[in-house]
Amino acid sequence: MNGLLSKPFQIKSKNLTTTVLGTSFNIRTYESDSIKEVAVVTGKLRVSRNQKSGEKREIILQTNQKAIFSKRGNQDLLIKGLEESEVKALEFSKFDFNETSLENIIKVWNAEHGVNITIKDRMLKNCVINADLTDLSL
């Protein structure tokens, strides 16, 4: 998603609030995932944890960084650098997958196309795939 620096806006999910400060980015906060991610390709974002206590934990992400939030463990926001393959996938195609589990590919496909594809064989969920599905349709 691309934001305008002169018009910051917020995107809220159950656990995180992201303030767009002029950037291109990706937010992955599927309800079924225990780990949530906000990735910045260009520009910067402010990401804060939504806490019941009203306490605010806030970080600023710069170009090629991502915030990771886990509902398990200490539930803190961590900042990590984006891998080169992640940057390329976010810059050029959201359907170009490298070393991605079939389960995550299906989640992205379902969200983007408004469908509900499921995997019956549990062993296939963790199957790692390299594929460019950009020009495929249902």
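The values are calculated or read from the model by the stated rules, or taken from the named source; none is laboratory data. Just so we're clear, the structure is a prediction, and the values are computed from it rather than from any experiment. Here the Cβ is made from the backbone with ideal geometry for all residues, glycine too, and neighbour counts use every protein chain on show. Surface accessibility is based on the protein's heavy atoms, side chains included, excluding ligands, DNA and RNA. Shrake-Rupley method; radii C 1.70, N 1.55, O 1.52, S 1.80 Å.
Structure summary
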| quantity | calculated |
| --- | --- |
| Close pairs (6 angstrom Cβ cut-off, 6 or more residues apart or separate chains): touching a residue at least 40 places away in the same chain (Cβ under 8 Å) in region 95-116, among the aromatic types (F, W, Y) and open to solvent by 30 Å² or more (accessible area, probe 1.4 Å) anywhere | K107/Y30 |
| Strands (runs of 3 or more DSSP E) wholly inside region 8-113 that include at least 2 residues being modelled with pLDDT of 85 or more | 35-49, 58-61, 65-70, 77-81 |
